[in-house]
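**Q** Can you read through this structure? Questions will come right after.
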Amino acid sequence: MDSSDDIEDVSLFDADDDVSRRSKKSKIRHPVASFFHLFFRVSAIVVYLLCELLTNSFIACMVTIILLLSCDFWAVKNVTGRLMVGLRWWNQVDDDGRSHWVFEARKVSAQGGKTSSEAESRIFWLGLITCPMIWVIFAFSALFSFKVKWLAVVMMGVVLQGANLYGYIRCKVGSRKNLTSMATNYLGKQFLRQTMATEDQAAS
């Protein structure tokens, strides 16, 4: 039996087949984990947007945002990913002192163990993908508005949340080769769809 058959298929929006999605329950099994998955990252964004209105202390705002980002990084990496979608990643050092990155997906037991619920999967991936994109927007905004003092804070948000995003995509997709193959297939499908649409318009 191929080893890929033992890895649970975690839904990534609408990318997975409809059959596996229908079999998953919509109920949230881990409400506390779901709450904290969004709480720290959304709080960091809210503090960044409102800090200049609430206080004149840049140091206080910077420390608060970095603390929220750090708590979010730890919670998402070590708790919410494992509970909500059955994925985890970490770094380990072997006996020779070499560092290795490990990307793991939950294995389904022979008795048909619990699968991730559809609601939790949506919450997890929505928060994981949306928030780093917002920090990237903040980075360009700070750069073009010459807010140099905020650029370091914003880059911290991009790096910490981008690291979790990359790690969990590697857990979901597999090796870098699979990740590249998936991106190539997606771009190929989009190009083919656009070409067919152009031909249809020309024919009409």
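**Q** Which of the peptides 70-80, 30-40 is most tightly packed, and how do the rest follow, going by the mean number of other Cβ atoms within 10 Å of each residue?
**A** Ranking the peptides 70-80, 30-40 by packing returns 70-80, 30-40.
**Q** For residue 28, what residues show an amide H to amide H distance below 5 Å, using hydrogens built from the backbone and excluding near sequence neighbours?
**A** For residue 28, whose amide H was placed from the backbone, there are no distant partners under 5 Å.
Bear in mind these aren't lab numbers, they're just calculated from the coordinates by the rules spelled out. Everything quoted here is computed from the prediction, not taken from an experiment. When we count neighbours, we look across all protein chains shown, and the Cβ atoms used for this are built from the backbone with ideal geometry, even at glycine.
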